[in-house]
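Here's the structure we're looking at; comments come further down.
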């Protein structure tokens, strides 16, 4: 009788363990999908002023830290300006975060997530001239290109002014395919 009870307890333990492992696996798969929502931006890019053939910069976006973060390296095509950003999905609060620094001493901390397939990150901060809101949108386009639009608002989001509108065009490999 005791061996039957032990066997029953062992079977219950195995069933519960299998259920927990399956649940953990489902949770991990969902989390992995979140970590890769911004992967469309990965690659080596020439950056053009949107709607023109004016090259404004170059950017390399790479996956880092076991594919849970993105590192951006940007440099101007016309001068010494350069900057870097760290981007990651924060699983504790369910949002994407970006921390940008550049050689002009500027810092930008943004947060947000996917909105209709576009990555939208924004912030609000106080400046000496009053409140300022930044909103940057990355949109995946045809041919693997990405459009980045940076807008600012000084009236709480009622009106927006575009301060950067760039088209990221991937570098081509010798065989004509895009490098990603």
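Nothing in this text is a laboratory measurement; each read-out follows from the coordinates by a stated rule. Values in this document were obtained by computation on a predicted structure and should not be read as measured data. Cβ placement follows ideal geometry from the backbone for every residue including glycine, while neighbour counts extend to all protein chains displayed.
How large are Rg and Dmax for segment 78-180 when only the alpha carbon atoms are used, in Å?
15.6, 52
Arrange the peptides 36-49, 81-94 so that the one whose residues have, on average, the most other Cβ atoms within 10 Å appears first. Could the numbers behind the result be given before it?
Details: 36-49: 18.3, 81-94: 14.5.
Sorting 36-49, 81-94 by mean packing, highest first, produces 36-49, 81-94.
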